[in-house]
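One structure is given here, and the rest of the page talks about it.
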Amino acid sequence: MGKVINMRMPFVNLNMKAGLVLFLTLAASLFLDGGVCSPKSADAAITQLVNWTKAYDQVSGTGSGFNVTVPTGTGAYRFMVVGITQTFAASATQANPTTITYGGQALTSATTNAATSNRTHTWLYYLKDNAVMDNTARPLNVTLAGTHLNFQVWVAVYDGVDQAAALTVGTGITATAGSGPAQLSSAMAVNANQQAVYISNVNNGVTTVIPTFTINANWTGAGTSTGSSGTTAWDVDVANRSIPGSNTTDNAATSAIAPAGNIRYAISAMSLPAFVDSTPPTGGTLSVTAGSGQNSLSWTAASDAFGIASYVLRFATGATAPADCLSGTSVPGSPFSSATFSTIHSGLTGGTQYSYRLCATDTNGNTSTGSTGSGTPKLSSSVTSCGGCHGYTSTFNDGASRNAGGLFQGSHNKHVITQTIVCSTCHVAPATTTSADYGHSTGQVQMASPLNGGSYSRGASFAVSNTFTPGTCNGTNCHGNVYSTAAGASIAWGTAGSGCGTCHTGTPGVFQGNGAPNTGGHNIHMTAGAACGDCHVGAVSGISGGSNHGNGVINVANGYNSGTGTATKRASGGTYYTCSTASCHANPYAAASVTTNVWSPTSTGCGACHKNDATNANLGAFTGYSSPATTVGPKTGNHVDHLNYARYVCNDCHAGAVSGSSGGSNHGNGVVNVIQYAGTITKHQTPFTYLTNGCAAACHITATWGTQLGCIDCHASTITRKKGRPGTTLANVVDELNGGTQVWGHKRTAAYAVANSDCIVCHLEGVMATGKTTKFHADGNIDLRDHATATADQRITDLAGASFTFARFSTSYAAGSRASTISNTSIDNVVTRKFCLGCHKSGGSSNATAGQGGIAAGGTSLKPFGSAGGTALNINSQFATTNSSKHPVLGPLNKDFPTQARLNTPYNGFTRVGTSGTLANGVVMNCFDCHNVVGTPLTLRTVAAHGNAVTIRGTSTVSGTPSSANYPTLCRVCHAGYESSTATNGHTAGSALGTGLNANSGMTAYLAYGCNVCHASAYTGVVRPVRGEDVHGVNILPTGGGTSSGRWSTGTDKRPYAFIRNTKDLGTHQPKKIGATTYTPQCEMGPSGASGPTCSNQGTKSYSPGGTY
């Protein structure tokens, strides 16, 4: 500006010029800073990185060109402008630039005003930032064509230019000599914040006098070059316009040009748009180092395309930094210059956390969001505990932030409080929670190295930060695999809620579903209900290993026999020991302990603790039972009676117990826990005692464990069954057997004291010699003894000899229930033939040894109940199919009479035509068709087995004059229609005695109601066992009768048929046919010496049709 003033204002002295410069500078400053042209923070100011520089100036040349290195300066939105001008004579050829490149990149033409008649030309070219490439100076190359008097190239570089916006250009030129002014042909738009530039060439083509003029007041000359050649002189100028604060226009007009009348000019201009900057700086990193009563703060430089103007630093107390750089409190000295990168914040309170935010502001007023940091100045010497800084009292409340009400990041409470691990195990300082080293705070977390045999992933030292960044503890002894020397799991600091499984991972350290480590005997004990704390003080399954868990050894209570009570962790091989005095392994039946196995996963089952000793005297030992072979149990009390033969299982009395495997969940609790027991029994008593009548289990009567119950102890009252048919009721067997109460008992017909042996004679559920139960007891079946075999404890088989069991006696009297052929497995027939007749046979019971099998002490085969019992009659022989008279128990009767019409249901389940000599089988019967109660028979129990007031369905004999009120009711159970008999027609149709007796009227009552007059051994005075023969069957005539005649006296077969054998009242009886012998059917009533009823004086009478035998 001074040059221009000097050139254009020669009349002003130097002092006036200096004053004018100062005035204009002050005015411009005030105008630009506070007036309408004040900069906007969102717009980047265009700055000039490289001032206008004349790169080339050639006088009187032809063609060719030049190559010169040009710098670009540093910036992000650079814009290179190249101005070219030439002066040439009227007769010369115009010299034009043909190639313009910078570093090989072609420049773009903005505007030109070349005209051949003007003798002066100007051009403007540009290159954007992306083509400027980098900050390295590169060659500017211009190639020319033609001749000239003068050729100049000017170059400038600007920054902050919008690379995408369109340029505004303007030109001006005159070809006629005149006096100017030099200006654009039309005003060029120059918008707010834009930088306008131009290059001009003013030419005097007549003389060598240099043209003179004044530049427009809005423009500042940036470079001038004058010269002459021949008769031509020139003045070349480049200029920058002042940047407007609002949109305007400008034609860049100069003053009038001297010498007047000889002037020509050319001018090219363009306006560069400013880049609008809205990008905040990229902030640096803030570091805070705590000191005594102060924090030292330092930061790295921020970056921005337009440069950093200043740094703002704000703070707040506590763990949270100010939200932005308008919040909080300004740190003294803020804002700091762009060249300042540290400060000290002093006068702070020790132990209080201070949090900071640092923001950078660029030259366009954009501010970064900032970076944060915090620091806690050290306390003064008055601090006497960790709580002085950390708020620690008796627990570490692990949390997500530090130093706020005792909150610590990570897992301090687990380690320091729960496991009593001292601070120095992991940290350089302090040594303990009560250490005197309270000045350890340096702003760094200082980790021990090595860290308890391992390392921390974040290193030995790292900056304290309120942002929790957990590391991992790797290979530390406290997290090591306790079962080998291998390193344990890498555990992330701050891992929460996963309990034991956090560290105990992998084999063999992994925990199982029941909470037991997969080592030694843990699974056995945990399955049996043991808790971790039983052996490891303070340990809780899934949560904690106790207060000494991290001390490097395994601490075991309850007499672990390692010599020290501990076992070294991470030992190669992992030696196990025995638990020699553990209370949970003590002998439950004495004060002494039992010998236990070495701690091992192979020490399985009850036998691991319940060992037998050399003398087999250890009550705690388990013994094997008879069946199944896998069943084992204690030798004490009544265990064998319950567990043998799997009648009961351990779980029936001890919840969760399994034979040979486990004593249940409460097994180790010091008492014997029994279901339905009157109370708990303390283990380890000396001497050991049981509660009197303590066992109140529903399976039997109240009893004292260890004593023996016999059959009559439980079965002296009704019992609700638990097996076979649960819920049904068993009768009072003792009462049934006692003949005195029930009139008839199976043992004898008199009152007597029932004994266990009375039950065992027939039932396999007891042992005759001891009275103890057998494998058959409580198996759900009625197990009847087979007296037909010499094998003492053989169960009856079915009719085909196959195995046979039944849970309840049953029979039926429904139509169709009796038939000529029977099932081999029907209960009533099997019991009849295999059980009843197995003992009531020739020789009685085949179990011949008294006091063993089915013979009571003092008994014999015929008197199995003992000497006081009754004699077993040979009923089997009475039913023999070879007998002449028999009821069809061992097989059906093949006869012609009676027909089915003369029998009641179910005994009429066959077909006979009722023709003499035409035979057909009838039905088969069983014992219970007669041995039952009067009236409606019982179908689900038998009164003949034990005893009852009534054991026969009716009377089999009658005395006196028979009548409808005085007749053998037992016969009527099966036989029907005989009460309609008359003196003239016998027993009527369907009977062998249909008609023809021609008896007097006195016989009517006997034919209708007096069955035993004929069908028995006598009418009166029949005694045992003859009366049994009269109803079961017989093959001989009775002795002591009257004089026999006819067939009974002289016939080939004198045996009685149809049970007609009353030799006292009858002289003879002839059926129609016996085998191959045919008779005239007749009966002699009233033989010599007869003493029978009225009908005995009738003499010999014939009848028809007669039966075939």
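The values are calculated or read from the model by the stated rules, or taken from the named source; none is laboratory data. These numbers come from a predicted model, not from an experiment. Glycine also receives a Cβ, built like all others from the backbone with ideal geometry; neighbour counts cover every protein chain displayed.
In the range 677-727, the residue that is modelled with the lowest pLDDT out of those that are among the polar types (S, T, N, Q) and not in a loop (DSSP other than H, G, I, E, B) is Thr682.
Could you tell me which residue of the range 287-306 is modelled with the lowest pLDDT, considering only residues that are part of a strand (DSSP E or B) and buried (at least 21 other Cβ atoms within 10 Å of the Cβ)?
Restricting attention to the range 287-306, the residues satisfying the condition of being part of a strand (DSSP E or B) are 287-290, 292, 295-299, 303.
When the remaining residues are screened for being buried (at least 21 other Cβ atoms within 10 Å of the Cβ), the result is 288, 290, 295, 297, 299.
Details: Val288: 94, Ala290: 90, Asn295: 93, Leu297: 95, Trp299: 95.
Step by step, filter the range 287-306, then rank; the result is Ala290.
Across the range 755-781, the qualifying residues are those that are farther than 23 Å from Lys863 by Cα and among the hydrophobic types (A, V, I, L, M, F, W, C), and the one among them that is surrounded by the most Cβ atoms within 10 Å (Cβ to Cβ) is Phe776.
Applying the criterion of being buried (at least 20 other Cβ atoms within 10 Å of the Cβ) and among the basic types (Lys, Arg) to the residues of the range 826-859, the residue that is farthest from Asp929 (Cα to Cα) is Lys834. The lone criterion from (1) closer than 30 Å to Val754 by Cβ; (2) part of a loop (DSSP other than H, G, I, E, B); (3) touching an Asp or Glu at 6+ places or on another chain (Cβ under 6 Å) left unmet by Ile952 is number (3). All of (1) part of a helix (DSSP H, G or I); (2) modelled with pLDDT of 85 or more hold for Gly740 with one exception: (2). Filtering the range 229-255 to residues that are touching a residue at least 60 places away in the same chain (Cβ under 8 Å) and among the aliphatic types (A, V, I, L, M) leaves Val236, Val238, Ile243, Ala252, Ala253. Residues that are at pLDDT 95 or above and either more than 52 Å from the chain's Cα centre (by Cα) or of a type in the set (Asp, Glu) (or both) within the range 312-328 comprise Val312, Leu313, Arg314, listed in sequence order.
Listed by first and then second residue, the pairs with beta-carbon distance under 7 Å, at least 6 apart or on different chains, first residue in the range 125-145 and over 18 Å from Gly83 (Cα atoms), second aliphatic (A, V, I, L, M), are Ala137/Val70.
Looking only at the range 292-320, which residues are polar (S, T, N, Q) and more than 19 Å from Ser278 (Cα to Cα)?
Across the range 292-320, the qualifying residues are Ser292, Gln294, Asn295, Ser296, Ser298, Thr300, Thr317, Thr320.
Here the condition is being within 30 Å of Asn218 (Cβ to Cβ), touching a residue at least 60 places away in the same chain (Cβ under 8 Å) and surrounded by fewer than 20 Cβ atoms within 10 Å (Cβ to Cβ); of Ala258, Ala274, Ala269, Ala319, it holds for Ala258 alone.
Looking only at the range 241-255, filter to residues that are surrounded by fewer than 20 Cβ atoms within 10 Å (Cβ to Cβ) and touching a Ser or Thr at 6+ places or on another chain (Cβ under 8 Å); which one of those is nearest to Thr171 (Cα to Cα)? Looking at residues that are surrounded by fewer than 20 Cβ atoms within 10 Å (Cβ to Cβ) and touching a Ser or Thr at 6+ places or on another chain (Cβ under 8 Å), I get Asn251.
Per the conditions (1) closer than 30 Å to His654 by Cα; (2) surrounded by 15 or more Cβ atoms within 10 Å (Cβ to Cβ); (3) touching a residue at least 24 places away in the same chain (Cβ under 8 Å), the sole criterion not satisfied by Gln708 is (2).
Yes or no, residue by residue, for (1) charged (D, E, K, R); (2) part of a loop (DSSP other than H, G, I, E, B); (3) surrounded by fewer than 17 Cβ atoms within 10 Å (Cβ to Cβ); (4) out of contact with any Ser or Thr (no Cβ under 6 Å at 6 or more places or on another chain):
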| position | (1), (2), (3), (4) |
| --- | --- |
| Gly866 | no, yes, no, yes |
| Gly869 | no, yes, no, yes |
| Leu890 | no, yes, no, no |
| Pro898 | no, yes, no, no |
| Pro906 | no, yes, no, no |
| Thr915 | no, yes, yes, yes |
| Thr918 | no, yes, yes, yes |
| Asn932 | no, yes, no, yes |
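Is the range 179-186 home to any residue that is in contact (Cβ under 8 Å) with a residue 60 or more places away in the chain, assigned to a strand (DSSP E or B) and in contact with a strand residue (DSSP E or B) (Cβ under 9 Å, 6 or more places away or on another chain)? Among the residues of the range 179-186, not one is in contact (Cβ under 8 Å) with a residue 60 or more places away in the chain, assigned to a strand (DSSP E or B) and in contact with a strand residue (DSSP E or B) (Cβ under 9 Å, 6 or more places away or on another chain), which makes the answer no.
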